[in-house]
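Remarks on the structure that follows.
The values are calculated or read from the model by the stated rules, or taken from the named source; none is laboratory data. The structure displayed is predicted, hence computed values, not measured ones. In this analysis, Cβ positions are derived from the backbone assuming ideal geometry, glycine residues included, and neighbour counts consider all displayed protein chains. The accessibility values were calculated without ligands, DNA or RNA, using every heavy atom of the protein model including side chains. Shrake-Rupley method; radii C 1.70, N 1.55, O 1.52, S 1.80 Å.
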Amino acid sequence: MLLIYCPNCLEHREEEEFSYGGEAHIARPLNPETLSDTQWADYLFFRKNPRGIHHEMWYHATGCRRYFNATRNTVTYEILETYQVGTQPQITGTDA
Amino acid sequence: MKRYSGFSLLKNALSYHENWQKVWRNPTPKRDYDVVIVGGGGHGLATAYYLAKVHGITNVAVVEKGYLGGGNTARNTTIIRSNYLWDEAAQLYELSLKLWEGLSQDLNYNVMFSQRGVLNLGHNLQDMRDIERRVSANRLNGIDGEVVTPQRIKEIAPLINISPDSRYPILGASWQPRGGTARHDAVAWGYARAADALGAEMIQQTEVTGIRRKDGAVVGVETSNGFIGARKVACVTAGNSGVVAAMAGLRLPVESRPLQALVSEPIKPCLDTVVMSNAVHGYISQSDKGDLVIGAGVDSYNGYGQRGSFHVVEHTVQAICELFPAFSRVSMNRQWGGIVDTCPDACPIISKTSVDGLYFNCGWGTGGFKATPGSGYVFADTVANDRPHPLAEAFNLDRFNTGALIDEHGAAGVAH
């Protein structure tokens, strides 16, 4: 069970209160009609799926009901930081 | 390879079973091979076997970072069935099921394939409509299946609770009598032994750390024990597929997630079939040893840690107690996780890549074990002939660009 710090509610809550939103920082293409099939597929289906540091979205379903971002290690599952949508992570890199 | 038989058992009994032949060799890697298979799980070993047996390609190495069959092959719940909705998937899994039916004889190794039947329960009207549709599609594809009533379910699995007063009452099920289970370790060992006997080499405790390319074609793999040359490299690395693809500068549309399972203490025989439920989300069978083998849901988040969250186990056990109130007093012995590579359409990728001589077989997600023989068969054919096997054609990597997905999420039997 992960304990996740919600940056809106400002406290640690149990994983069951949240739902996972997938990789963060994926911008929807501004002009979808100009994209090639490959670029569109890349936006829709292809994810980084790293073994190590991962920036991802979480939704606090039974709390503030808002999305936020987290930086998590996908091997140890340690959550290194959580931060507001629209801001950049402090911790970057790919170390496992 | 000395054949296993009743006679060999008797003969070896006379020497106190001390003179059995080693099941496979443990060679030091050669400088180069025709084909290097990355990943010594069930699918990789099956690929090696069919490369040798069907295509006569025996200069093959299976490179495994741990030990053979020690990853997801050893972590699944061993359920085998072929009742998939869409033609492409149904044909692939049915090929696999047909291979299962003769596998022990083919490999001269008892994989303990037991056709005890698989029930997929329906708990609401929409479940039942989906089940009717899937069973009809199966029958049109020549796959056995029938829609059964709660009374018939009770006859098949007497301990099940079909009371209309339960929280999620059982309205019916699909029943595939030819489905069942097999001994997962034996599958890996049987394929490894048979492939080894035909000349393939098992290189264990050797981790692939890079894929060397020259002029857009693969020339070999970098490993923790040095470079191994190869004309073709076939990657079958399940949860780590994305990591291996990145070594060749490729991206895959897979995400790696923990999938958990658990077993109970051994109890007397009480469940001689496989019961799966999409709506309450659990699946259960009983092993020959007597353990109840229970599959949980996949964790929602990406991970490589080979363990999952406890609350997923809790939900699964709740579902099992709902279906089988008698099991509420059974203690659980062990719980573990494996890393499954899930595709957006819940179907595998069996494909050539943009790098010449590099092939991927991945994305099996939560349902790879049942496909082991068929996956190895079509992948070996794809690698040997450098073009997709007819049954693998639809499972190419390009489907994510063209949009021709094979959406098996609804038919996967459980709501992963």
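Tabulated data
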{"quantity": "Answer from B:ALA346, B:ALA238, B:ALA261 - the residue that is in contact with a Ser or Thr (Cβ under 9 Å, 6 or more places away or on another chain) and open to solvent by less than 10 Å² (accessible area, probe 1.4 Å)", "calculated": "B:ALA261"}
{"quantity": "Residue identified as within 11 Å of another protein chain (Cβ to nearest Cβ), assigned to a loop (DSSP other than H, G, I, E, B) and hydroxyl-bearing (Ser, Thr, Tyr) among A:THR76, A:THR87, A:THR62, A:THR92", "calculated": "A:THR76"}
{"quantity": "Any hit, segment B:354-361, residues being within 13 Å of chain A (Cβ to nearest Cβ) and surrounded by fewer than 23 Cβ atoms within 10 Å (Cβ to Cβ)", "calculated": "yes"}
{"quantity": "Enumeration of residues in segment B:85-109 that are open to solvent by less than 20 Å² (accessible area, probe 1.4 Å) and either small (Gly, Ala, Ser) or at pLDDT below 95 (or both)", "calculated": "B:ALA89, B:ALA90, B:SER96"}
{"quantity": "Residue pairs meeting the criteria (Cβ under 6 Å; at least 6 apart or on separate chains; first in contact (Cβ under 8 Å) with a residue 40 or more places away in the chain and within 13 Å of chain B (Cβ to nearest Cβ), in segment A:2-19; second open to solvent by 30 Å² or more (accessible area, probe 1.4 Å) and aliphatic (A, V, I, L, M))", "calculated": "A:SER19/A:ALA61"}
{"quantity": "Residue in segment B:365-395 that is farthest from B:LEU259 (Cα to Cα), counting only those that are outside any helix (DSSP H, G or I) and among the small types (Gly, Ala, Ser)", "calculated": "B:ALA392"}
{"quantity": "Any hit, segment B:179-199, residues being among the aromatic types (Phe, Trp, Tyr), open to solvent by less than 40 Å² (accessible area, probe 1.4 Å), out of contact with any Asp or Glu (no Cβ under 9 Å at 6 or more places or on another chain) and more than 16 Å from B:MET276 (Cβ to Cβ)", "calculated": "yes"}
{"quantity": "Residues located in segment B:310-340, provided they are at the interface with chain A (Cβ under 10 Å from one of its Cβ atoms) and without any contact (Cβ under 8 Å) to a residue 24 or more places away in the chain", "calculated": "B:PHE310, B:HIS311, B:GLU314"}
{"quantity": "Number of positions in segment B:115-127 that are touching a strand residue (DSSP E or B) at 6+ places or on another chain (Cβ under 6 Å) and open to solvent by 30 Å² or more (accessible area, probe 1.4 Å)", "calculated": "2"}
{"quantity": "Residue in segment A:14-22 that is open to solvent by 80 Å² or more (accessible area, probe 1.4 Å) and under 14 Å from A:ILE79 (Cα atoms) present", "calculated": "yes"}
{"quantity": "Hey, B:THR402 surrounded by 19 or more Cβ atoms within 10 Å (Cβ to Cβ) and either touching a strand residue (DSSP E or B) at 6+ places or on another chain (Cβ under 7 Å) or not hydrophobic (A, V, I, L, M, F, W, C) (or both) or not", "calculated": "no"}
{"quantity": "Candidate set from segment A:40-59 (those that are more than 22 Å from A:ARG28 (Cβ to Cβ) and at the interface with chain B (Cβ under 9 Å from one of its Cβ atoms)); member that is surrounded by the fewest Cβ atoms within 10 Å (Cβ to Cβ)", "calculated": "A:GLY52"}
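Residues checked against (1) touching a residue at least 40 places away in the same chain (Cβ under 8 Å); (2) of a type in the set (A, V, I, L, M); (3) more than 22 Å from B:LEU95 (Cα to Cα); (4) part of a loop (DSSP other than H, G, I, E, B):
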site	(1), (2), (3), (4)
B:LYS30	yes, no, yes, yes
B:ASP34	yes, no, yes, no
B:ALA46	yes, yes, no, no
B:TYR49	yes, no, no, no
B:VAL54	yes, yes, no, no
B:THR58	yes, no, yes, yes
B:TYR67	yes, no, yes, yes
